[in-house]
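What follows is a short report on a single structure.
The values are calculated or read from the model by the stated rules, or taken from the named source; none is laboratory data. As the structure is a prediction and not an experimental result, all values here were calculated from the model. Glycine gets a Cβ as well: all are built from the backbone with ideal geometry, and neighbour counts include every protein chain shown. The protein model used for the area step is the full one, side chains on, heavy atoms only, and it has no ligands, DNA or RNA in it. Shrake-Rupley method; radii C 1.70, N 1.55, O 1.52, S 1.80 Å.
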Amino acid sequence: MARSSTRPTSRDVAQAAGVSQAAVSLVLGDKWRGRVSEATAERVRDAARELGYRPNLAARNLRLGRTRTVLLVVPALTTEFFAGVYTGAARVAAAHGFGVVLYPSPEGIGPARDPFASAQAALDGVIASSMAADALTAIRGDQLPLVMLDSDPEGSLGAATVNLDITDGVRQVIDHLLDLGHRHVLHLAADVPSWTFEVRARELAARLAAVPGTQLRTARAPISIEGALTATETALTTPGPRPTAVVCDDDKLAAGAYKALRRLGLRIPDDISVTGLDDLALATAIDPELTTVRLDAELFGERGMQALLAVLEGREPQGGDIPVQLVIRGSTAPPRAA
């Protein structure tokens, strides 16, 4: 069969295979079983392959009323964590014939401009981090099928929420420090108005309050190494007993704490222990390597996309938080004897 210089159509495939266009649609849409013979189906596939025919997905999606496109709204991509979330979401999306458009909120957190003339016309659904929830207002994403990541299940805008078990992650960190003998803790908290960081602060305070003789101080910092350095230095030069451990809301804050501690002449972990939360590549790039909580970003993205597919299909999404794991490295040790 000679190939035409113009793009082949389903009519060309039908003529080449000696069948109707309806039969071509059934075979290439994988709905032929019980309606056409296997020999006919094979003939249609051979003709399509020989002609180089590809179905017009855009036209098909218009008929279905779907664009098969999902928006993933995240804070600015300042760490590889959200890149991992995208990788996981895109993997599941591709397996179901969807594409994922990544939309990092330009300012990281807060309102963002609408990247589409009309999100509702351009998208089938949205997956959004609670850290970038304000961006949903600009894109009117809350008017679409929506899955929220790291979001309060009781007060979520979304039809479904997918969460990492951050509460258990904080519990693992504190139990580790308590087992080592630490009783005086500095919480280097992310200065970000987000549910996920509220959970960290709440669980940390509750866990320590349950143990007699413990003390907790809190210093807030933007999620940056310089911000963490300044906040840690200020907290540790304030009069009063010095904490024996610094619990950081994420690994980047921990890296800033490392710099501050070195400036103050303190050795990690001999003089003071430090923990993070994320297990980014940064955690093993600093010395000593950081004790932190491993969050599976790709699985997080996969579960977010699976939940959105369930919402689109009218199914109940999979429940349960995603487990996290404490990774003990060289930044924690028993406190020095007084």
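Among (1) in contact with a strand residue (DSSP E or B) (Cβ under 7 Å, 6 or more places away or on another chain); (2) not in a helix (DSSP H, G or I), there is one condition Ala231 misses while meeting the rest; what is its number?
Here Ala231 meets the rest and fails (2).
Evaluate the following for Ala283: is it part of a helix (DSSP H, G or I), out of contact with any helix residue (DSSP H, G or I) (no Cβ under 7 Å at 6 or more places or on another chain) and outside the structural domain of Phe82 (by the TED database)?
For Ala283, the condition - part of a helix (DSSP H, G or I), out of contact with any helix residue (DSSP H, G or I) (no Cβ under 7 Å at 6 or more places or on another chain) and outside the structural domain of Phe82 (by the TED database) - is not met.
Hey, among the residues in the range 310-335 that are open to solvent by less than 80 Å² (accessible area, probe 1.4 Å) and without any contact (Cβ under 8 Å) to a residue 60 or more places away in the chain, which one's farthest from Leu253 (Cα to Cα)?
Only one residue fits best here, namely Gly314.
Do you know which of the residues in the range 163-191 that are in contact with a Lys or Arg (Cβ under 6 Å, 6 or more places away or on another chain) and part of a strand (DSSP E or B) is surrounded by the fewest Cβ atoms within 10 Å (Cβ to Cβ)?
Ala189
Pull out all pairs, ordered by first then second residue, where Cβ-Cβ is under 9 Å, the residues are six or more apart or on different chains, the first lies in the range 60-73 and is assigned to a helix (DSSP H, G or I), and the second is at pLDDT 50 or above and surrounded by fewer than 15 Cβ atoms within 10 Å (Cβ to Cβ).
Final answer for the pair search is Arg60/Gly29.
Rundown of residues vs (1) in contact with a strand residue (DSSP E or B) (Cβ under 6 Å, 6 or more places away or on another chain); (2) within 30 Å of Ser151 (Cα to Cα), yes/no style:
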residue: Ala235; (1), (2): yes, yes
residue: Ala245; (1), (2): yes, yes
residue: Ala281; (1), (2): no, yes
residue: Pro288; (1), (2): no, no
residue: Asp296; (1), (2): no, yes
residue: Met305; (1), (2): no, yes
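Do we find a residue being open to solvent by 40 Å² or more (accessible area, probe 1.4 Å), assigned by the TED database to the domain that holds Asp279 and small (Gly, Ala, Ser) anywhere in the range 192-204?
Within the range 192-204, not a single residue is open to solvent by 40 Å² or more (accessible area, probe 1.4 Å), assigned by the TED database to the domain that holds Asp279 and small (Gly, Ala, Ser).
Does Thr244 meet the test of being among the polar types (S, T, N, Q), touching a Leu at 6+ places or on another chain (Cβ under 8 Å) and buried (at least 17 other Cβ atoms within 10 Å of the Cβ)?
Spelling it out, it is not the case that Thr244 is among the polar types (S, T, N, Q), touching a Leu at 6+ places or on another chain (Cβ under 8 Å) and buried (at least 17 other Cβ atoms within 10 Å of the Cβ).
Given the conditions (1) outside any helix (DSSP H, G or I); (2) touching a Gly at 6+ places or on another chain (Cβ under 6 Å); (3) modelled with pLDDT under 95, report the number of the one that Leu308 does not fulfil.
That leaves (1) as the condition not met.
Tell me, please, whether a residue that is open to solvent by less than 30 Å² (accessible area, probe 1.4 Å) and at pLDDT below 70 can be found in the range 6-13.
No, the range 6-13 contains no residue that is open to solvent by less than 30 Å² (accessible area, probe 1.4 Å) and at pLDDT below 70.
Looking at the range 302-314, is at least one residue under 21 Å from the mean Cα position of the chain (by Cα) and over 24 Å from Ala94 (Cα atoms)?
no
Given the options Thr244, Thr238, Thr218, name the one that is more than 26 Å from the chain's Cα centre (by Cα), over 19 Å from Ala333 (Cα atoms), of a type in the set (Val, Ile, Thr) and at pLDDT 95 or above.
Testing whether each residue is more than 26 Å from the chain's Cα centre (by Cα), over 19 Å from Ala333 (Cα atoms), of a type in the set (Val, Ile, Thr) and at pLDDT 95 or above leaves just Thr218.
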